[in-house]
Every structure is written in structure tokens, then in C-alpha cells.
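Participant: Dropping a structure here in C-alpha cells format, bear with me for questions.
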Amino acid sequence: MTRMTGAQMLLDSLQREGVDTIFGYPGGVVLPLYDTLPEFPGLHHILVRHEQAAAHMADGYARASGRMGVCLGTSGPGATNLVTGICTSWMDSTPVLAITGNVARTLLGKDGFQEADITGITQPITKHNYLVMNSREIPLTVREAKHIATTGRPGPVLIDIPKDVFQEQDRFEWPEQVSLRGYKPTLEGHAGMIRRAAELINQAKRPIIISGHGIIWGDAQKELVELAEKANIPVITTFLGISGFPELHPLSYGFLGMHGMYYANMAADEADLVVAIGMRFDDRAMGRFNAFNPGVKIVHIDIDPAEIGKNFPTAVPIVGDAKHVLPKLTEHVHEREHKEWIRWIDHVREEHPSLEIRESRRMLPQYVVRTLYEETSGNATIVTGVGQHQMWAGQHYFYNRPRQLISSGGLGTMGFELPAAIGAQVALPGQEVWAICGDAGFQMTLQEMAVLVDQRLPVKIAIFNNGYLGMVRQWQQLFYDKNFVSVAVTQPDFVKLAEAYGIKALRAETKSDVQSVIQEARDFPGPVLIDFQIDQEENVWPMVPAGAALSETIEAPAEEVAR
Amino acid sequence: MTGLGPSNGSRPRSRRQHIVVAIVEDKPGVLMRVASLFRRRGFNIESLTVGHSEAPGLSRMTIVVDGESAPVEQVEKQLYKLIDVVKVSDLSQEDLIARELAMIKVRCNNLNRHELLEIANVFRADVIDIASNSLILQVVGYEDKINGLIKMCEPYGVREMSRTGRMAMARGTKTTTVHEAEPPKIAQIHASQGRRVEGELPFSSD
Ligand SMILES: Cc1ncc(C[n+]2csc(CCOP(=O)(O)OP(=O)(O)O)c2C)c(N)n1
Ligand SMILES: [Mg+2]
């Protein structure tokens, strides 16, 4: 048995668990760990400029690759800075391991310099967390943490380690296996329930599949396509479910919800059977709960039993992993055409196309997204911030490859875009990654441009510059009687700012610039920032106002279309 | 036995309450995780008791939840999501025995002490301390009984009271236990003596 310090044990364990990158920031109590880092050349440490960004980078890395992302911060403020990022990953169920240092064991609970009770603080926003009090517990803790973060319904796990535990020497023992008696995710799905679900599907006249993030994390796109094709069931996704079902597939009807496609919302509301897979009936997706499609029957397939029946009563619950459950379900499902039903949805789509971009001399944001889609042949990985640009990016780019859209859906964290794109680019070397940023959200984490330069990462930054907290402006216009308060944002000169960081920058001032700046950015091998000066007062449509039903989806009013 | 008779514990419970028993890892922070879960999800705890269980390393929690604040199914499922929670049983529909212990310090004097002792006797409460102007009653039983005793003590002056909250156990063979697999050696010994193997134990856990 080898003797090691706690710091060595941690890094060795991480490496054994397949970790290759750590997004982190040093400080007093993690110095023993940083002191040890050079002994582990296989672990690439990326120095961020703010710990929040480290957590978003780990999250972006995880979402792009499917592998656990790792971030690291010092005690106190380093740890609390991680919190927004950890919560972002908690709400969207992504596997992130957050490691924090803490004050020495003898000082714990004494309110010493830079002590924060980070396990207490993150208890409700992690799948599990640990305070490690002995160095010899580190290997098992890392194994358990990886196991918990990446299996079942994924989620963030935090490990807090006091400074002297990093320094303590002990025997390193690598556990052969993890066995947690309180944690055994169900994968297979109950055979009887699967048969009952198939019966309901076979009887349904107007079935619809609503697929969520779980399809992506369950790696079940192929299985989903097979189910949909066999029984000819139209598929709509949730916002986070985008790219789980290929959007160019003839059975794809976009995504539903507050800014979903009109026809997707109507189809969800008109269906006699909803087959919900790996989604959690969020209010942003379903509209007002008690007004959603009164007669509908729901088959709910999810790996997390607590999601089933949480917001809606379920006719057939199936707890399991989509990849295991769907093939069995497909086996029992009859081939069907559902001609009339599909014709009905197609008709609604013809009358209410939702994704048609109107002719305009202005630089419409929808047009920018669509041009980006065309120029990148639909192949880029798109990472967004939160706000109007996020919705346009979801609507007007078409995603066919799972993990192609990376966005903070559950928590809606502005400032996610740039660091998450950096994490995605680290996970996808050589692939095209675009960060679609709000002009305001970008300003929350723009300091991370320095990381692009440090690490030579060719992320393309597209700032959708409308001079506003656009989504908030839209709500004030529509629901607060145009009483615009604190929504116009003054900005730096984004081009100069990027240049100050040593990043190539372009500006598109008119519609005619759009295509050429995208081409120029793509041709350049390094990172590029583009300041797209989009139309300032464009709104996102369609829209289900907060508290309204999906059936009450509003489309762009005539005066806006005429602008 | 204490209590007013064998049927006392299983008298119909208020419909609004659920009794949930959780077997949890005996680790620091577990109580906080459970309490935090209930707070966050808006489930109101009426009482929570926790202590060692029959298995080393595992504690048993009995949680009485206000049913109006929480569908019992969600309570169970959310508890299961905690890694340190090993097993959850809903005893609400069970034929069960529920008990609570209370200590009540009542004011008294030479003139009325006798009355109080008689009341205690009727409720089969034990007098566990007597001083010149107070005494402490200890009573075990179902909630109604304890409430009844408290009410009787009130006119004398209840100076202090401490209640454990409810503990519960299903009647008969049903348990809320976690059965770890028997080590092969032990199983062999049992088998050689003609005893049933694990899994066929008469005390089923579900
Ligand atoms: C950290 C954080 N603070 C506040 C909000 C509330 N919010 C949602 S969208 C939005 C405006 C975003 O503005 P911008 O980034 O410019 O995007 P736009 O809507 O203009 O496209 C705000 C303030 C949020 N989602 N996240
Ligand atoms: Mg904006």
C-alpha cells in the first residue's frame, strides 16, 4: 500500500475516475492541493477568473461530452461563488463534481477566516455532498461522488475537504466497488407497466410524445426515433429536450412551452394521450397546470420516481432509464398511421407557422440565428445565455445531434453562456462552438474571455446586442403597461473590450453584414467576438403569458409584424 | 402495560396525518438533510423522533407529517432521493401501535398533591419526582391519553412539559427493517439447524 497525502489521494482518485480537466481557482486552504498538481500532468487545470464561471465551465463540459465536469474553489468566498453554478447544474440535472477546500479541522465551526458552511449551503442544491474528515476516506468519497453524479438522474455532488486533510498522510486504498445501500437507481422499468403503456398507446387516437432532457442524458435518441416511427407518433420536446429528437425528422413538431411553437402547444393540448419521457412537467413547459388539456391521459417514463405524479396525475407510471424502457415499449406498440391527427397538426402549423421569419430591412435576431444555422450547416454546438436570444436560438436553429444545444433552462442563469461555451469547447476540441450571448448576460461573466486566450480556445461569441434586458423589457411592455424601469443597459464597446483581451472582434451594424461577419469569424482559427447590433425592440413570439394555459398561446400581434 | 388497553394504539388516526418511518444511515448531517427536505418542499412536520435501530449504523426516524401540506407519496419519494435514506415505509394505512412519552412538571402543594396523584393513577402515569411544590409525571401512551392528562393538570399549573413525539410500529409480523444479506457462513449454520434462510424469514420487511 502506498502512503500519500490527502491532496495526492484526491488527484490520483480523480485521475482513476477518468477526469482530465479541472476548472478552478486557488486560495489559502487549497494551496496544498495546488502544490501537488504538477505531480499529475494528466490533469489539466484551467485557471478561471471567477469561481461561478468554473462551475458553469464544468457544467458546459458535462453537457457537451456526457462526462462529469469538475470544478474547484477555495473555502469561504471561493466556495460560495460556486453556488450559482452548482444550482444551475442541479436544476438541469447535469453531472458536476464541485470540490472545495475548507479551514483546518480544528478551526471548523469557529468562524475563522474564510470559513463557510458550504455543505450546509449546498445541501438543497446538490444530489449529495460530503465533508471529508480523514484523508483515507478520500478515494471512496471520490468514487461514490462520481457514481452518484453520473448515474440515475445525474446531478451535482460537492466534496468539501479541510486544509489539513489535504496534508494528512495515510495509506491509499482504492475501493474495488461502490455500494450505497440508500442509492440504487431503477433502470429497467416495470414489465407490466410497459405493457399497459403500450395498450394506451395502441388505443390512442391522438397520441403525442413529449421528450425531455432525459433522452439526451439517457443517450436514447435512436430508441426514441424507433418508437415514434413505429407508431407514427408526433414528437415535441421540452426546451431542454431540444436535440433529443432530430428536429429535421418529419415527426418533429418543435418544442412546447412559454415560447414554444404554436402548433406544438396546440398539439399537446389537443392530444388524448401524452407519452412523457425524461421530462418533469415544468410550469414553463406546461402552462397553468389545472388548465392543461383536461381529458388527457399521461404515460410518464422517468428515471426519478419523485417526478412521477409530482405535478400531474399519471395514468401509467414507468420508473426507468429511457434507453432500457423504450425498446421494450416499442416492441409492444402496434404500427399505426395516425393520419388524421398528423394532418390536423400539420394544418395548425400551416396556419400558424411560428418559425417563419418575416421580410424586414432591420437586423432581426431570428434572421441572425437562421443565417448562423445555414452558414454552419446546422452542425455547430450552440450555447446560450438567458433571455430573448435564448429563445430565438432555441427556435431558429435546428438541432439534430444530441447535446447540440446547451442552455440553462431550469435556473435560467444569465452569465452562463460564455463559461459554458468554454467548457463545451474544452470537451469538443476541433469542433465548432458558438456562444449566443445577451448583451447583458455577457457582462455578468465576460472576464472569462481571458480563459479563451490562455487556453487558445476558438469559441465564437455572438452578442445579441439589443441594448436591453430584452426579456424583461418584453414583460414590462406586455404586462406592466410599458412602464420601462431599469431595462436599458449601457454597454462598453464590445469590440474594443474583446480587443483589450487580445481577441479578434467584429461588428455587424446592418442586416447585410450578418452573413459576411459569420463567414469571417468561421474562417478565423481563434476566438472571435461579434457584436450583432440587432433590432432593439423585437419580441419573442409565440408566448404563453405567465399563468395562462397552453391553449391560450398568443402569436405576434399585427402591429409588431408590421414593424 | 401502560396505556388504556390493547386497542388504544390503533384507534382511527386523524385523516390529515401520515406516519412515515425512515431507516437512515447513522451519519452526521442526516437529520439536517431530512429537515431541510421537508422545509424546502413545504411539508409540515408534526413530530419527528430519531434514535438507534436494531441494525448497527442505521437509525430509525418516525415522522408524522401534516397530510394537507404533503401528498404522502411525494414525501416518501423525496425521502428516498436522499442518498443516506435507506428505506422508507408509510405506516398510515397500517394497523399499528403508536406511542409517545411525555414528562409534565405540575405545580402542587400539600393540599392538592393527593388529587394530582389520583389523576396520575387514573392515567397510569408515573410520578418520577416530587418536591415541596411541584411534581413530575411521566406518561406513555397514545396522543389522546397524553392530551387528556395535560388537560387535567392544567388547573393546577403546568410549569414545564416535554414530549417525544410519536413512535410507531405495525402490529404483527410486518416490519420497517432493512435486511442485509446474511453472510454465507451464518446462513449455513441456520440451514444446518433447519432454520429458514434469509428472504423466507417470518418477519417480512414489506
Ligand atoms: C442572474 C440573473 N439575473 C436576472 C435574471 C432575470 N432576467 C431574465 S432574462 C433577463 C434579461 C437578459 O438580458 P440579455 O442578456 O441582454 O438578453 P436578452 O433578453 O436581451 O436577449 C433578465 C434580467 C436572470 N435570468 N438571471
Ligand atoms: Mg439584451
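All of the numbers you see were taken from the coordinates with simple rules; none came from a lab. Quick caveat: nothing in here was measured; it's all calculated off a predicted structure. A quick note on method: Cβ atoms are made from the backbone with ideal geometry, for glycine too, and the neighbour counts reach across all protein chains shown.
Participant: Among the DSSP beta bridges whose two residues both lie in the protein assembly as shown, what percent are antiparallel, rounded to the nearest 5?
Facilitator: Values: 50 of 111 bridges.
Looking only at bridges with both residues in the protein assembly as shown, the antiparallel portion is about 45 percent.
Participant: Let me ask something additional. Using only C-alpha atoms and all pairs of different ones, pull out the Kirkwood radius for region B:17-93 in Å with one decimal. Each step should come with its number before you reach the end.
Facilitator: Numbers: mean 1/r = 0.0820 Å⁻¹.
Here the Kirkwood hydrodynamic radius works out to 12.2 Å.
Participant: Let me ask something else about it. Starting from the amide H of A:Val48, placed 1.01 Å from N in the peptide plane, find each other amide H under 5 Å away whose residue is 5 or more places distant or on another chain.
Facilitator: A:Gly24
Participant: With θ taken as phi - 60° and the coefficients 6.51, -1.76 and 1.60, list the Karplus ³J(HN,Hα) couplings across region A:64-69 in order, rounded to whole Hz; mark glycine and proline as x.
Facilitator: 6, 10, x, 9, 5, x
Participant: Let me ask something else about it. Show the residues, 5+ positions off or on another chain, whose built amide H is closer than 5 Å to the amide H of A:His128.
Facilitator: The answer is A:Leu158.
Participant: Determine which residues of region A:363-380 fall in the zone a paramagnetic label at A:Asn400 would reach in this model, i.e. backbone nitrogen under 12 Å from the point 7 Å along Cα→Cβ.
Facilitator: Counting only backbone N, you get A:377-380.
Participant: Could you sort A:43-52, A:447-456 so that the peptide with the highest average Cβ count within 10 Å comes first and the rest follow in order?
Facilitator: Numbers: A:43-52: 20.4, A:447-456: 18.1.
Packing order, densest peptide first, comes out as A:43-52, A:447-456.
Participant: Once you put a point 7 Å from the Cα of A:Gln203 and another 7 Å from the Cα of A:Glu432, both along the Cβ direction, what distance in nm separates them?
Facilitator: 4.9
Participant: Which whole-Hz couplings ³J(HN,Hα) result when phi for each residue of region A:514-521 is put into the Karplus expression 6.51 cos²θ - 1.76 cosθ + 1.60, θ = phi - 60°, listed in order with x for Gly and Pro?
Facilitator: Whole-Hz 3J(HN,Hα) from phi for region A:514-521: 4, 4, 5, 5, 5, 4, 5, 5.
Participant: Positive end of the dipole of region A:368-497, charges at C-beta (+1 Lys, Arg; -1 Asp, Glu), about the Cα centre: which of A:Val495, A:Asn466, A:Gly385 has its Cα farthest in that direction?
Facilitator: So the residue we want is A:Gly385.
Participant: Between A:Arg16 and A:Glu552, 0.36 nm times their residue separation minus their Cα-Cα distance comes to what?
Facilitator: Values: separation 536, 0.36 × 536 = 192.96 nm, distance 5.27 nm.
The span from A:Arg16 to A:Glu552 would gain 187.7 nm if fully extended.
Participant: With Kirkwood's inverse mean 1/r over C-alpha pairs for Rh, give me the Rg to Rh ratio of region B:83-160, two decimals please.
Facilitator: 1.17
Participant: Would you kindly compute the Cα radius of gyration of chain A and its largest Cα-Cα separation (Dmax), both in Å?
Facilitator: Taking only Cα atoms of chain A, I get Rg and Dmax of 24.1, 76 Å.
Participant: Can you figure out the FRET efficiency of B:Asn147 with A:Glu350, using R₀ = 60 Å and their beta-carbon distance, to the nearest 0.05?
Facilitator: Working from the Cβ atoms, E equals 0.30.
Participant: Quick one: net charge of A:Ile463's neighbours, Cβ under 10 Å, K/R +1, D/E -1?
Facilitator: Details: positive: A:Arg507; negative: A:Glu417, A:Asp439, A:Asp531.
Summing Lys and Arg as +1 and Asp and Glu as -1 gives -2.
Participant: Can I ask one more? Taking K and R as +1 and D and E as -1, what net charge do the other residues with C-beta under 15 Å from the C-beta of A:Ile298 add up to?
Facilitator: On the way: positive: A:Arg196, A:Arg206, A:Arg280, A:Lys297, A:Lys310; negative: A:Glu199, A:Asp269, A:Glu270, A:Asp272, A:Asp282, A:Asp302, A:Glu307.
For residues surrounding A:Ile298, the net value is -2.
Participant: Based only on other Cβ atoms within 10 Å, what is the fewest-to-most ordering of A:His128, A:His249? Before the final figure, lay out each step's value.
Facilitator: Details: A:His128 24, A:His249 14.
Fewest-to-most ranking of A:His128, A:His249: A:His249, A:His128.
Participant: What does the helix-only formula give at 222 nm for chain A: each DSSP H stretch with n ≥ 4 adding -39500 (n - 2.57), the total divided by the residues, and the result rounded to the nearest 500 deg cm²/dmol? Show your work: numbers first, answer last.
Facilitator: Details: 23 runs with 212 residues, N = 563.
The helix-only estimate for chain A comes to -10500 deg cm²/dmol at 222 nm.
Participant: To continue, here is another question. Per residue of B:70-78, count partner chain C-beta atoms within 10 Å of its C-beta, then hand back the mean as an integer.
Facilitator: Working: counts 0, 2, 0, 5, 3, 1, 2, 8, 3.
Mean shielding count: 3.
Participant: Taking H placed 1.01 Å from N in the peptide plane, check which residues at least 5 places from A:Ala505 or on another chain put their amide H under 5 Å from its amide H.
Facilitator: A:Leu529
Participant: Shielding of B:85-96 by partners, i.e. mean partner chain Cβ atoms within 10 Å per residue?
Facilitator: Details: counts 3, 5, 2, 1, 0, 0, 0, 0, 0, 0, 0, 0.
Counting Cβ atoms of other protein chains within 10 Å of each residue's Cβ and averaging gives 1.
Participant: Another question, then. Subtract the Cα-Cα distance of A:Asp219 and A:Lys184 from 0.36 nm times their separation in residues, and report this length gain in nm to one decimal. Show your work: numbers first, answer last.
Facilitator: Values: separation 35, 0.36 × 35 = 12.60 nm, distance 1.96 nm.
Once the chain is fully extended between A:Asp219 and A:Lys184, it gains 10.6 nm.
Participant: Holding the Cα-Cα limit at 31 Å, pick out from A:Lys310/B:Lys174; A:Lys184/A:Lys328; A:Lys146/B:Lys174; A:Lys297/B:Lys27 the pairs that are longer than that.
Facilitator: On the way: A:Lys310/B:Lys174 29 Å; A:Lys184/A:Lys328 21 Å; A:Lys146/B:Lys174 36 Å; A:Lys297/B:Lys27 42 Å.
Distance filter (> 31 Å) returns A:Lys146/B:Lys174; A:Lys297/B:Lys27.
Participant: A further question on this structure: Between rounded, prolate and oblate, where does region A:443-563 land on the alpha carbon gyration tensor, with a ≥ b ≥ c its root eigenvalues, rounded for a/c under 1.5, else prolate if a/b exceeds b/c? Kindly include the intermediate steps, with their values, before the conclusion.
Facilitator: Details: a/c = 2.36, a/b = 2.00, b/c = 1.18.
Prolate, because a/c is 1.5 or more and a/b exceeds b/c.
Participant: Sorted from fewest to most neighbouring beta carbons within 10 Å, what does the list A:Arg63, B:Arg60 look like? Display every interim value, and only then the final one.
Facilitator: Details: A:Arg63 29, B:Arg60 22.
If I rank by nearby Cβ atoms, fewest first, I get B:Arg60, A:Arg63.
Participant: Name the shape class, rounded, prolate or oblate, that the alpha-carbon gyration tensor gives for region A:189-339, where a ≥ b ≥ c are the square roots of its eigenvalues, rounded holds for a/c under 1.5, and otherwise prolate holds if a/b is larger than b/c and oblate otherwise.
Facilitator: Working: a/c = 1.23, a/b = 1.14, b/c = 1.08.
It is rounded, given that a/c, with a ≥ b ≥ c, falls under 1.5.
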